[in-house]
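Colleague: Shown below is the structure under consideration.
The values are calculated or read from the model by the stated rules, or taken from the named source; none is laboratory data. Please read all numbers here as calculations on a predicted model, not as lab measurements. Here the Cβ is made from the backbone with ideal geometry for all residues, glycine too, and neighbour counts use every protein chain on show. Ligands, DNA and RNA are stripped out before the accessible areas are found, and what is left, the full protein with its side chains, is counted by its heavy atoms. Shrake-Rupley method; radii C 1.70, N 1.55, O 1.52, S 1.80 Å.
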Amino acid sequence: MGKRVAPARERAPEIYARLHALYPDAHCALDFRTPFQLLIATILSAQCTDKRVNMVTPALFARYPDPESLAAAKPEELEQMIKSTGFFRSKTKSLIGMATGIAERHGGVVPNTMEQLVHLPGVGRKTANVILGNAFDRNEGVVVDTHVTRLSQRLGLTRHTDAVKIEQDLVQLFPRDQWTLLAHLLIEHGRQIC
């Protein structure tokens with residue numbers, strides 16, 4: 001007879017503590033100074049490494065310092081600047097749409113609620129969680145990317161494959177004040193180990 005594995009709820013604090021001990025400096029790997037810059041970088045990070053995004057964003061942030069300037073961008077020029085991040089046509093459309101939404105509906109200020117963020121073009125729940133947790137220090141949910149998905153399953157924290165269901169499982173297992181860092185810890189472990 002095999003050894004009994006404790007329920008996820010009992011193991012979660014130990015998992016968090018061990019990951020935190022392994023990666024005490026875990027943080028958002030995207031370089032940014034403002035919520036708007038993080039929003040741009042997060043949209044660019046889809047199907048792309050954070051390292052590559054960080055190579056592209058300095059020139060992008062200099063050329064388009066605010067939502068109004070990005071909303072007025074020439075798509076061809078923006079496409080050239082972000083081409084190396086992949087899916088540059090759809091990302092260009094998302095970036096211009098997002099910036100237009102912020103400029104027109106939010107007075108040029110990145111909104112700080114889940115509901116307002118997810119109504120911007122190119123911004124889904126995962127992106128909104130990145131912005132809320134890292135730019136506004138608000139734990140509204142857990143960012144579920146490929147690392148978080150894979151490790152949550154491997155660690156027996158979820159059986160789901162759908163990101164929303166995985167997030168629902170994780171928020172039940174960890175205290176709210178750990179949600180943003182939990183994602184960074186799992187992502188860092190995924191990058192370093194598996």
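Colleague: Helix-derived [θ] at 222 nm for the chain: sum -39500 (n - 2.57) over DSSP H runs of at least 4, divide by residue count, nearest 500? Present the calculation step by step, with values, prior to reporting the outcome.
Modeller: Numbers: 11 runs with 120 residues, N = 194.
Theoretical 222 nm ellipticity from helices: -18500 deg cm²/dmol.
Colleague: Give me the Debye-computed log₁₀ of I(q)/I(0) at q = 0.18, 0.27, 0.28 Å⁻¹ for region 113-157, equal point scatterers on Cα only, no solvent, two decimals.
Modeller: -0.56, -0.90, -0.93
Colleague: Can you put VAL109, VAL56, VAL118 in order of accessible area, largest first, using a 1.4 Å probe? Intermediate values should be presented prior to the final figure.
Modeller: Working: VAL109 90, VAL56 15, VAL118 55 Å².
Output order, biggest surface exposure first: VAL109, VAL118, VAL56.
Colleague: Within 12 Å, Cβ to Cβ, of GLY108, how many net charges do the neighbouring residues add up to if Lys/Arg are +1 and Asp/Glu are -1?
Modeller: Details: positive: ARG105; negative: ASP66, GLU68, GLU104.
Net charge in that neighbourhood comes out at -2.
Colleague: Under a Cβ-Cβ cut-off of 13 Å, what is the net charge of the residues other than VAL130 that fall near it, where Lys and Arg count +1 and Asp and Glu count -1? Mind dumping the intermediate values first?
Modeller: Numbers: positive: ARG125, LYS126, ARG138; negative: ASP50, ASP137, GLU140, ASP145, GLU167.
Result for the local shell: -2.
Colleague: What is the Cα centroid distance between region 65-93 and region 41-63, reported in whole angstrom?
Modeller: Using only Cα atoms to place each centre, the spacing works out to 11 Å.
Colleague: Compute a Gaussian network model of the chain, connecting alpha carbons closer than 10 Å, and tell me which residue from LEU22, LEU173, LEU117 fluctuates the most.
Modeller: Answer for the Gaussian network model of the chain: LEU22.
Colleague: Kindly rank 69-77, 181-189, 120-128 from highest to lowest mean number of other beta carbons found within 10 Å of each residue.
Modeller: On the way: 69-77: 14.1, 181-189: 23.1, 120-128: 20.3.
Ranked from most to least packed, the peptides come out as 181-189, 120-128, 69-77.
Colleague: So what's the chain giving for Rg/Rh, alpha carbon basis, Kirkwood Rh from the mean inverse pair distance?
Modeller: On the way: Rg = 17.8 Å, Rh = 17.5 Å.
Taking Rg over the Kirkwood Rh, I get 1.02.
Colleague: Can you pull out the chymotrypsin sites (Phe, Trp or Tyr not before Pro) in region 52-118 that DSSP calls coil and that have at most 16 other Cβ atoms within 10 Å? Show your work: numbers first, answer last.
Modeller: Values: sites: PHE61, PHE87, PHE88; in loops: PHE87.
Counting only loop positions with at most 16 other Cβ atoms within 10 Å, the chymotrypsin sites (Phe, Trp or Tyr not before Pro) in region 52-118 are PHE87.
Colleague: Setting aside same-chain residues fewer than 8 positions from LYS165, which aspartates and glutamates have a Cα under 17 Å from its Cα?
Modeller: GLU140, ASP145
Colleague: Please arrange MET114, MET98 by accessible surface area, largest first, computed with a 1.4 Å probe and ligands excluded. Don't skip to the end; give the middle numbers.
Modeller: Details: MET114 30, MET98 0 Å².
Ranked list, largest accessible area first: MET114, MET98.
Colleague: Give me the net charge for the shell around LEU78: Cβ to Cβ below 13 angstrom, other residues only, Lys and Arg +1, Asp and Glu -1.
Modeller: On the way: positive: ARG63, LYS74, LYS83, ARG89, LYS91, LYS93; negative: GLU76, GLU77, GLU79.
In short, +3.
Colleague: Please list log₁₀ I(q)/I(0) at q = 0.19 Å⁻¹ for region 119-188, using the Debye equation with identical point scatterers on the alpha-carbon positions.
Modeller: At q = 0.19 Å⁻¹ the computed log10 ratios are -0.68.
Colleague: Bin all alpha-carbon pair distances of region 57-110 at 5 Å intervals from 0 and give each bin's fraction as a whole percent.
Modeller: Percent of Cα pairs in each bin: 4, 23, 31, 25, 13, 4, 0.
Colleague: Could I ask something else about it? Over the residues of region 71-139, compute the C-alpha Rg and express it relative to 2.2 N^0.38 Å.
Modeller: 1.15
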